[in-house]
1. Out of the residues in segment A:79-94 meeting the condition of being of a type in the set (Gly, Ala, Ser) and in contact with a strand residue (DSSP E or B) (Cβ under 9 Å, 6 or more places away or on another chain), tell me which one is nearest to the other protein chains (Cβ to nearest Cβ).
2. Within segment B:28-39, can you find the residues that are surrounded by fewer than 18 Cβ atoms within 10 Å (Cβ to Cβ), farther than 11 Å from residue B:133 by Cα and at the interface with chain A (Cβ under 10 Å from one of its Cβ atoms)?
3. Scan (1) surrounded by 12 or more Cβ atoms within 10 Å (Cβ to Cβ); (2) part of a helix (DSSP H, G or I); (3) of a type in the set (Ser, Thr, Tyr) for the single condition residue B:173 breaks and write down its number.
4. Among the residues of segment A:158-167, is there at least one that is within 23 Å of the chain's Cα centre (by Cα) and of a type outside the set (Ser, Thr, Tyr)?
5. Since residue A:184 meets every condition but one in (1) of a type in the set (A, V, I, L, M, F, W, C); (2) more than 23 Å from residue A:100 (Cα to Cα); (3) not in a helix (DSSP H, G or I), which condition does it not meet?
6. Please work out which residue is nearest to the other protein chains (Cβ to nearest Cβ), limiting yourself to segment B:91-104 and to residues that are without any contact (Cβ under 8 Å) to a residue 24 or more places away in the chain and either assigned to a loop (DSSP other than H, G, I, E, B) or not polar (S, T, N, Q) (or both).
7. For segment B:131-140, check the following and say yes or no: at least one residue is away from every other protein chain (no Cβ under 11 Å), in a strand (DSSP E or B) and under 30 Å from residue B:194 (Cα atoms).
8. Against the definition (in a loop (DSSP other than H, G, I, E, B), surrounded by 10 or more Cβ atoms within 10 Å (Cβ to Cβ) and among the acidic types (Asp, Glu)), how does residue A:158 come out, yes or no?
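The values are calculated or read from the model by the stated rules, or taken from the named source; none is laboratory data. Bear in mind the structure is a predicted one, so any value in this text is a computation, not a measurement. Cβ atoms come from the backbone with ideal geometry, glycine included; neighbour counts cover every protein chain shown.
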Amino acid sequence: VLESHLLHLPFKGFALVNAVGTRKLPAPKLPALEAEKELLKMDFIMDHLRELRRMNWRQMVAQGMQLGLIITSALMIWKSLMLVTGSESPVVVVLSGSMEPGFYRGDILFLNMGKKPIRTGEVVVFNLDGRDIPIVHRVIKVHERRNGTHIDILTKGDNNYGDDRALYNEGQEWLHQHHIMGRAVGFLPKVGMVTIIMNDYPALKFLLIGALGLLVLTTKDG
Amino acid sequence: MGRNKKPEPVKVPANAEPARDPIRLSNLYDAGSLKGTLDEFAREVILDQGHQEDTVINNVKIALGLAAIGCAVYSQYGPGKFPANWWTVFGCVISYIVLTFVMNVYSWKTEGDAFLVTKPFRGGKGLRLSSRMTRFSDEYTLVLTDRKNPKIEVMNTVRIPNFFHADGYLAESAWRAEVEKLWRAFEEKQGDKAKKRD
């Protein structure tokens, strides 16, 4: 395949002139092969589209419902994870390098809230008021009332120069219990890169979901 | 077929469906679509005999499924922020599990592995049409079972390559004849059982 690409380069004439002595046989009919591959892909898509047209509306609703059930079962698994860990988002992806060398961009973190009080040294994920992207940093200071009712928390990223007061909202100097989403209890290195890529190129997300949806709607049970 | 003879006009029955494209598969190695095509066509042949699909079953399944999906959507988009509405979310998850469980049990009990279940018709109590095809084999078994009395059952095993042309077209008339043959065998068996009971 590499050889035939060389033959298509703009300076094809130059290459042929120089390589007269070692010229290989012409590549096999490549354009025809490519056209056939395109036709096969079209056939595959047309088959599935034809299937959709042949169903009556009740069958279509039933198939759509099956697709919906698959999606909602994934959602339900996520919800039960939320219930078990007590955290709004039990699995998060690290987006920045502010916790290196502990956590790198693209790592997946497992969170658990738990009832134990928050202590220094723990890695927590918190949500600032009015912002929707949570931040994962380490707790460096804790002020607590003697009766344990109120808690002030200060955080800092391991790889940052200063503490997070620069990140907090205007006039805010401390975090409180309700800002904390959970504590990091485990991690998977680099697996979260897929999520980051799908976020940077949203078209990929829709393509994937569209293709999966079409397949599920038209594949017959074996 | 003399050269001077004009072909006779084809008599189309008054209420025939409009002619549609012949069924053609682009990939003859896909077992799932082979079985699916034979199933679809057999289903149409049986419906042509006058049977009607029992839509209650599908309707119930759709209703249960939509209720389950509704629970799921409510748990995601319902009012309240998460840790506060823990019990609501818990209720939604439990309802979802129960609804899908009931739906699957219902489907298993009334349909089994059939892909067509019909209403009672002409003295029979309705029938189930199901098919089997093992992996990597080229044999396909079509089974007609009576709904009330599972002992009234006829089946027919055929070799799949006999019903598909090399370029992917389904041999519709041959398959239709095969299904109608099985259908007549089923009617006979039903008739026999009725006579024995009387």
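1. Narrowing segment A:79-94 to residues of a type in the set (Gly, Ala, Ser): A:80, A:86-87, A:89.
Remaining after also requiring in contact with a strand residue (DSSP E or B) (Cβ under 9 Å, 6 or more places away or on another chain): A:86-87, A:89.
On the way: A:86: 6, A:87: 8, A:89: 9 Å.
Ranking the qualifying residues of segment A:79-94, first place goes to A:86.
2. The one that is surrounded by fewer than 18 Cβ atoms within 10 Å (Cβ to Cβ), farther than 11 Å from residue B:133 by Cα and at the interface with chain A (Cβ under 10 Å from one of its Cβ atoms): B:30.
3. In the conditions (1) surrounded by 12 or more Cβ atoms within 10 Å (Cβ to Cβ); (2) part of a helix (DSSP H, G or I); (3) of a type in the set (Ser, Thr, Tyr), residue B:173 misses (1) alone.
4. We begin by selecting, within segment A:158-167, every residue within 23 Å of the chain's Cα centre (by Cα); these are none.
So far as segment A:158-167 goes, no, none of its residues is within 23 Å of the chain's Cα centre (by Cα) and of a type outside the set (Ser, Thr, Tyr).
5. (2)
6. B:93
7. Yes, the conditions are met somewhere in segment B:131-140.
8. The answer is yes for residue A:158.
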